[in-house]
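A short worksheet on the structure shown next.
The values are calculated or read from the model by the stated rules, or taken from the named source; none is laboratory data. Bear in mind that the values here come from a model prediction, so they are computed numbers and not experimental data. Glycine also receives a Cβ, built like all others from the backbone with ideal geometry; neighbour counts cover every protein chain displayed. Heavy atoms of the whole protein, side chains included, go into the accessibility calculation; ligands, DNA and RNA do not. Shrake-Rupley method; radii C 1.70, N 1.55, O 1.52, S 1.80 Å.
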Amino acid sequence: MRVLGLETSCDETGVAVYDGARGLLAERLYSQVATHAAYGGVVPELASRDHVRKLVPLVRETLAECGLVPADLDAVAYTAGPGLAGALLVGAGFARALAWSLDIPALGVHHMEGHLLAPLLEHDDLEMPFLALLVSGGHTQFVHVEALGAYRIIGESLDDAAGEAFDKVAKMLDLGYPGGPAIERLARAGDGARFRFPRPMTDRPGLDFSFSGLKTYVMNTLAETPANAALGADVARAFTDAVVDTFVIKCRRALKATGLRTLVVAGGVSANADLRAALAALGTDLGCRVVFPPLRLATDNGAMIAYAGYRRLVAGEADGAAFAVRPRWPLDTLPAPHPAR
Ligand code: KG4
Ligand code: ZN
């Protein structure tokens, strides 16, 4: 089965073709970062318009790259949520119309299930159950993955997502948007001994997170400290260390509490090299396997949607002719794959 995957939930237009027998055939990504940079964050209406402009050319390019025509496709998978309603509708409307015109099934995919399954694209020996740490711009969650579609959220952020905290701290440091990669670069030059920021919610039991207090702590530190050339880098270093340490403490706790031996880390923040190194070291320490998606599949992309769609479509699942997007959509309400009724 050959599946076209479309991702349009936020500020990236992602397109890919996944073939059940041959794997990923081609992928294309258009990032809207330049469009939104001047505003310091994603402007939903501009995001929708850019998806409208870019989606069809990207689909043409992706198909051309793997030498396919639309009639060679067996199904279309698209992100149906969570995300920006207008941006989601662009992908959903196009996907449904294309599928209808080709008389093939279409399926709306949960964006976080896409992130969750992305590491399997390059680690096909990975078996469920496993523990997943999903860290993106909108979500920070521990998921006990029992099987495809059987997801138990066993911890999550009570306020800001980790990516959101990176983006907000980057804004305070005038690093622009998106903040994660900029903080990662700046932190490399920082002195880790100058500041020590709190590791939120690590001093009490449980697997939940909170990043809003840490953000305020950074803001106060910047207000109280006379600026010098090193301040930004030292703050970026201390902030990164606090976030990474928090994840190491909580991942150790979650692996012990669940007894699971595999940790899958996915979502945009899983691109962070400091986080990768620290969690890989934790894996060595505990004798657990720690898996990350390849860098290009850590942030939003079409390949993860094509793949997640494929896993459900082969089980016979598909949408009806009507469709709806779900800007808010809890991951743990997803059903196991089920044939169309
Ligand atoms: O998964 P993603 O691409 O989109 C959402 O589903 O939200 O995640 C985007 C988030 C942004 O907050 C961005 O700042 C963060 O991931 N991010 C990073 C890095 N690359 C992206 N955070 C820390 N370090 C990075 N290298
Ligand atoms: Zn995402």
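Name every residue in segment 271-311 that is within 15 Å of ligand 2 (Cβ to nearest atom) and either in contact with a strand residue (DSSP E or B) (Cβ under 6 Å, 6 or more places away or on another chain) or among the acidic types (Asp, Glu) (or both), in order of residue number. Listed by number, the residues that qualify are PHE292, PRO293, ASP300, ASN301, GLY302, ALA303, ILE305, ALA306, TYR307, ALA308. When restricted to residues that are farther than 30 Å from ALA315 by Cβ, of a type in the set (Ser, Thr, Tyr) and touching a helix residue (DSSP H, G or I) at 6+ places or on another chain (Cβ under 9 Å), segment 1-47 contains 3. The set of residues in segment 201-214 that are within 22 Å of the chain's Cα centre (by Cα) and either of a type in the set (S, T, N, Q) or not in a helix (DSSP H, G or I) (or both) comprises LEU207, ASP208, PHE209, SER210, PHE211, SER212.
Of the residues ARG289, ARG237, which single one is at pLDDT 95 or above, basic (Lys, Arg) and over 16 Å from PRO181 (Cα atoms)? So the residue among ARG289, ARG237 that is at pLDDT 95 or above, basic (Lys, Arg) and over 16 Å from PRO181 (Cα atoms) is ARG289.
The combined condition, being more than 16 Å from ligand 2 (Cβ to nearest atom), open to solvent by 10 Å² or more (accessible area, probe 1.4 Å) and of a type in the set (Asp, Glu), is fulfilled by GLU184.
The set of residues from segment 320-336 being in contact (Cβ under 8 Å) with a residue 40 or more places away in the chain and either open to solvent by 50 Å² or more (accessible area, probe 1.4 Å) or out of contact with any Gly (no Cβ under 6 Å at 6 or more places or on another chain) (or both) comprises ALA321, PHE323, ALA324, ARG326, PRO327, ARG328, PRO330, LEU331, ASP332, PRO335, ALA336.
Taking segment 120-171 as the region of interest, the strands (runs of 3 or more DSSP E) fully inside it that hold 1 or more residues being under 12 Å from the mean Cα position of the chain (by Cα) and of a type in the set (Val, Ile, Thr) are 130-135, 140-147.
Beta carbons closer than 7 Å, at least 6 apart along the sequence or on distinct chains, pair a first residue in segment 4-28 that is within 19 Å of LEU102 (Cβ to Cβ) with a second that is among the polar types (S, T, N, Q) and away from ligand 1 (no atom under 15 Å from the Cβ) for VAL15/THR62; ALA16/THR62; VAL17/THR62; ALA26/THR62.
Would you point out the residue of segment 284-305, among those that are within 16 Å of ligand 1 (Cβ to nearest atom) and assigned to a helix (DSSP H, G or I), that is farthest from TYR18 (Cα to Cα)? Across segment 284-305, the extreme among qualifying residues is LEU295. Looking across TYR177, TYR217, one residue alone is over 24 Å from the mean Cα position of the chain (by Cα) and open to solvent by 10 Å² or more (accessible area, probe 1.4 Å). It is TYR217. Just one of (1) outside the structural domain of ALA242 (by TED's automatic domain parsing); (2) within 28 Å of ARG253 (Cα to Cα) fails for ARG312. It is (2).
For first residues located in segment 90-101 and without any contact (Cβ under 8 Å) to a residue 40 or more places away in the chain, partners that are assigned to a helix (DSSP H, G or I) and open to solvent by 30 Å² or more (accessible area, probe 1.4 Å) and lie 6+ apart or on another chain with Cβ distances below 9 Å form the pairs SER101/PRO70.
Taking the stated definitions as given, is ASP191 over 16 Å from the mean Cα position of the chain (by Cα), surrounded by fewer than 24 Cβ atoms within 10 Å (Cβ to Cβ), part of a loop (DSSP other than H, G, I, E, B) and of a type outside the set (S, T, N, Q)? Yes: the conditions hold for ASP191. Selection within segment 65-94: residues that are touching a His at 6+ places or on another chain (Cβ under 7 Å) and on the phi > 0 side of the Ramachandran plot. The member of this set that is surrounded by the most Cβ atoms within 10 Å (Cβ to Cβ) is GLY83. Considering segment 246-277, and only residues there that are among the polar types (S, T, N, Q) and surrounded by fewer than 21 Cβ atoms within 10 Å (Cβ to Cβ), the residue that is farthest from ligand 1 (Cβ to nearest atom) turns out to be THR258. In a residue-by-residue description of segment 88-103, the property of being within 24 Å of ALA266 (Cα to Cα) and of a type in the set (A, V, I, L, M, F, W, C) applies to at least one position.
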